[in-house]
Each structure stands twice: as structure tokens, then as C-alpha cells.
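A.B. asks: The structure is given below, and queries will be raised subsequently.
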Amino acid sequence: MASSDWKGKRRQTTAAFFCGLGSMTVGLMVGWPAAAFPKILRHETPYHLSIFNEAFIISCMNIGSIVGTVPASLLMDRIGRRASFLLFSLFAVASWIFVAYAPTVEMLYCGRLLGGVFVGAYLTILPSYLSETLEPDMRGFLGTSSTLLNTLGTLMAYGLGPRVSFIDLSLISCCVAIVFIISLIFMPETPYLLVMRKDYAGARRTLAWLRGTSESDVTDELTTIQNFIETEKAKASLTTSDLFFDERYKWPFVSCVGLLLLQKSSGYFTVIGNQTIILPHHAWIFYSEDSTLVIGLILVIMSIVAALLMDALGRKVLLQISNVGQASAMLVVGAWYYLSAEQRTELEAYNYMPLLAVFAYVVAFSMGLGPVPHIYIGEVLPPLVKGRATGLLVTLAALFVVSVNEIFAAVTTFADMYVNFLFFGVCSLVGIFYVNGWVIETRGKTLPEIQEEFRHRRTMKDGYYILD
């Protein structure tokens, strides 16, 4: 490997890592409920929670993310990706302070809402930043690094939960958000945004730094980016309705919508947030709080595996492995709860079955549906609609997670737990057909090449648009 190639890969890895520290904060926010709810039940706080309070606390992050997507989608083009990261990271710091010292459930809601604003803004900006700074052969591996750091954040929450106080859990999490803010000093702006601003000199310098080579050596890549941006700009002024009706943008957008809804309907965020409720109190050698730590370790290990396989197997193969694994695991958990509740079958000796099935479910999710959608969004959406489209996608995804969480609480209260898992399993089965028909393979392709594939690989079959 040439020294310039090694230097470029090292610099892109550094940029992706610093960017991924925000994902670690998101992971802490996702893992916080499972780590904090047992502490609240042990009266470490001045308030108490019902199952509906718990469901709403989980949902608050997603409700807040809806608020964060709109300004993020506007500001990421106006003030830049990096400056937008910095601005919304302040909401993460404020969130952890609110959560740590909330005297009432209502104030806890406020803290989680503030955290959600950061999550929504961060997830809106992240796909653009990664896809616009990384080379095609680096996008799969380094794009998954944000998922790895997300799972490390979740593992950190699970590991700290049984070992520190309620307040310390939040304050330690706050320190990660502060480290992310500091790391932004070392992150470059994306060359695509600089070209959109007509700062061609700045784009050339940034490309040269990211590729670890001289400015003269990036002329061809810079010209490709310039031509791509100018071609997109020359087409038309854009409105939100274009995402649904314009042939140039509709199919990439619809492909992303379906993939994100598939991710949320699989139940991962509900299972992770409520795992201490879902899992038997004692199964095999594990108690419920021990199981959360094991799940955190699985998330980290499988994120590394997914990163290594992302470019070797491709996005679609990993998504299908994920769908099959999730469907099988959720149907097992649903069957166990059905036999336990409806058939009054004594299953205490088989408590390990839902535990192992949930472990398998987390493995399957981490292989595909966890990391792939966020990489895929950054790859398939055209640059000129990426901010607006990603903001709308994050909003739709958050609304769906809120709906799934509230339905989970209602179904658990008024029907039974097994209905939830059977629903999650069926959604994953549907996902097998969706991925086969509506998701394209993006492995190793440049952003312009991906757009060309969307334009030329649509065919009419039985009255429906199908991606070959």
C-alpha cells in the first residue's frame, strides 16, 4: 500500500471516529432506560413510574428527534455539517443535566425530549457527512463505525447501570457528549458541501487532506463532484413534494422510507428499552440486569463483524440475513409467551428460551438492519435533497418508533406480551420481500454511479416499479 493511500485511510478513519462519538451519545440515550428503570424502581429518585410512564420516557427521545430534524435539515446546508453538529450537541449536554437532577417525571420528560432533539439532528446530518467524506471502498467499513460506537454507548449504559448511582449514570454520559463537542475541532467539512458553496479551493484542500495526497492529485475527483453538483442544480428548484412525485428523487427516497420503517417495525428499540421487563427475572445463569450487559457485548461484537462484512458481502445480503434471523427469534419469543400466558403452560424450566432468542435477535439486527439503513441513506439520496429528505426520514422513523412503543405498552396491558413479538416477527418476514424488490446494492459504487443505477435499473413488472 502506498504511503499516501495509508495516510488517506488513516485520516478518513479519524474523521469517521470523531463523527461517531456523537453516535456513542445516541447509544447512551438508547441504553439509558434499561439501565435507569431498575434504579427508579428501587426508589433512587423522588418519583415513580408506571409502564405507560416508562413507554413515554422511551418515546420522548423519539418525539424530540422529530423536533430536531427540521432545523438540522435546513442548517446543515447553510452553516455546514460540522457547525450543525456543534450546535445540536449542546442539546445533548443540557439533556443529561436535566435527566440527572429532574425532581419530577415531567422534568425527566423534558430532559429526554432535549436529548431527542440532538438525536434527530445528529441522525439527519450523519449520513451526509459520512457519504461525502469517505471513498467508496471505505464507506462500508467506516460507515459502520458509527454503529459500533453507538453500541459501545449502549454497552456503557448497561455496564454502568448496576454500578453507579442514578445521577452519576447521567453525568458520566454527559461527559461523552462534551468529548464529542471537543472532537469537532478536528473534523473537516465535507468537500461536497464546499463545492455547493462554490468554495472550490477549500474543497480541493479538504479532498487532498482526506485522501492523504497532494492537491493536484485530487483534480479528477473534484471535477467529478463539481459536475455532479452542477448537473443536480441545473435540473430544477426543489420542493418537498418532489421527494414523492419527481422521478429523479422519488425512488431513492421511497427505498429509504421502506428500509427505515422496516428497521423500526422490527421492534429493536422497544425490545432494548424494555428488556428488563421482557426478559424473565432469572433465566439459566442470568438475572435480567446481567442480561442487559450480555446484550450490550453482543451489540459491540456484531457491529465489528458487520463492519468487516459490509463490503465483503454487500448491503442486501446482510439485510436478508438480518430479516431471517429476526423473524425466527421473535417468533420463538412470541411462542414462549403465548404458551406461558394463554395455555397456562409451566415454562419456568425453559426460561432460557426467550433469553437466547432475544440474544439471537440482537445478533441478527446488528448484522444488517442496525447499520445498513444509515449508510444506505447517505449513499442513495442525491446531495441536493439529502438534507431535506434525511430530516423527513428521521421524522417518519421517530413517529413510527413512538407508535410502536405506545402500542407495546397498550398491548402488554390489555392483551398480552406475545402479540408484540409475533407482530415484530411478521414485519421481519415482510422485510425479506421488501429488500429483494426495493433495495439496490451500493457496495463499491460512487455517489454518481448509484444515482445512475436508480435512473436506469427501474422496470415495469405487473404494473409495479421494481428495482432489478
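The values are calculated or read from the model by the stated rules, or taken from the named source; none is laboratory data. Please read these numbers as outputs of a predicted model, since none were measured by experiment. So basically every Cβ, Gly included, is an ideal-geometry build from the backbone, and we count neighbours across all protein chains shown. Side chains are part of the model used for accessible areas, which takes the heavy atoms of the whole protein and leaves out ligands, DNA and RNA. Shrake-Rupley method; radii C 1.70, N 1.55, O 1.52, S 1.80 Å.
A.B. asks: Looking at Ser255, Ser288, which one is at pLDDT 85 or above and closer than 30 Å to Gly31 by Cα?
C.D. replies: Answer to the check: Ser255.
A.B. asks: A follow-up question, please. Among the residues of the stretch 258-277, count how many are modelled with pLDDT under 70 and either among the aliphatic types (A, V, I, L, M) or surrounded by 24 or more Cβ atoms within 10 Å (Cβ to Cβ) (or both).
C.D. replies: Matching residues across the stretch 258-277 total 3.
A.B. asks: While we're on this one: Of everything in the stretch 117-130, what is touching a Phe, Trp or Tyr at 6+ places or on another chain (Cβ under 9 Å) and within 14 Å of Glu189 (Cβ to Cβ)? Give them in sequence order.
C.D. replies: Within the stretch 117-130, Ile125, Ser128, Tyr129 meet the criteria.
A.B. asks: With the requirement that a residue be surrounded by fewer than 21 Cβ atoms within 10 Å (Cβ to Cβ) and assigned to a helix (DSSP H, G or I), what does the stretch 301-318 give you?
C.D. replies: Listed by number, the residues that qualify are Ile301, Ile304, Val305, Ala307, Leu308, Leu309, Asp311, Ala312, Leu313, Lys316, Val317.
A.B. asks: Out of the residues in the stretch 382-432 that are of a type in the set (Phe, Trp, Tyr) and either in contact with a Cys (Cβ under 6 Å, 6 or more places away or on another chain) or crowded, with 23+ Cβ neighbours inside 10 Å (or both), which is farthest from Phe88 (Cα to Cα)?
C.D. replies: For the stretch 382-432, the residue satisfying everything is Phe421.
A.B. asks: Please pick out the residue among Val176, Val218 that is modelled with pLDDT of 85 or more and under 28 Å from Leu87 (Cα atoms).
C.D. replies: Val176
A.B. asks: Does Val332 meet the test of being open to solvent by 10 Å² or more (accessible area, probe 1.4 Å) and modelled with pLDDT of 90 or more?
C.D. replies: Numbers: open to solvent by 10 Å² or more (accessible area, probe 1.4 Å): yes; modelled with pLDDT of 90 or more: no.
So Val332 fails the test.
A.B. asks: Among Ser23, Ser50, Ser95, which is small (Gly, Ala, Ser), in contact with a Phe, Trp or Tyr (Cβ under 7 Å, 6 or more places away or on another chain) and either within 30 Å of Ser291 (Cβ to Cβ) or open to solvent by less than 50 Å² (accessible area, probe 1.4 Å) (or both)? Explain how you work it out, then say what you get.
C.D. replies: Details: Ser23 fails: in contact with a Phe, Trp or Tyr (Cβ under 7 Å, 6 or more places away or on another chain); Ser50 fails: in contact with a Phe, Trp or Tyr (Cβ under 7 Å, 6 or more places away or on another chain).
Answer to the check: Ser95.
A.B. asks: If you take the residues of the stretch 67-92 that are hydroxyl-bearing (Ser, Thr, Tyr) and open to solvent by less than 10 Å² (accessible area, probe 1.4 Å), which of them is farthest from Leu193 (Cα to Cα)?
C.D. replies: It comes out as Ser89.
A.B. asks: Now, a different point. Output yes when any residue across the stretch 108-127 is more than 17 Å from Val30 (Cα to Cα) and at pLDDT below 85, and no when none is.
C.D. replies: yes
A.B. asks: Looking at Ala234 and the list (1) in contact with a helix residue (DSSP H, G or I) (Cβ under 9 Å, 6 or more places away or on another chain); (2) at pLDDT below 85, which single condition is not satisfied?
C.D. replies: So the condition that Ala234 fails would be (1).
A.B. asks: Being β-branched (Val, Ile, Thr) and in contact with a Gly (Cβ under 9 Å, 6 or more places away or on another chain) is the filter; apply it to the stretch 436-468 and report the residue that is modelled with the lowest pLDDT. Step through it out loud before you land on a result.
C.D. replies: Going residue by residue through the stretch 436-468, those that are β-branched (Val, Ile, Thr) are 439-440, 442, 446, 450, 459, 466.
Still in the running and in contact with a Gly (Cβ under 9 Å, 6 or more places away or on another chain): 439, 442, 466.
Numbers: Val439: 87, Thr442: 85, Ile466: 42.
This residue is Ile466.
A.B. asks: Could I ask something else about it? If you take the residues of the stretch 191-231 that are part of a loop (DSSP other than H, G, I, E, B) and among the polar types (S, T, N, Q), which of them is surrounded by the fewest Cβ atoms within 10 Å (Cβ to Cβ)?
C.D. replies: It comes out as Ser214.
A.B. asks: Show the residue pairs meeting these rules: Cβ distance below 7 Å; 6+ apart or different chains; first residue within the stretch 172-198 and free of Cβ contacts under 8 Å to residues at least 60 places away in the same chain; second residue small (Gly, Ala, Ser) and open to solvent by 10 Å² or more (accessible area, probe 1.4 Å).
C.D. replies: Sorted first by the residue in the stretch 172-198, then by its partner, the list stays empty.
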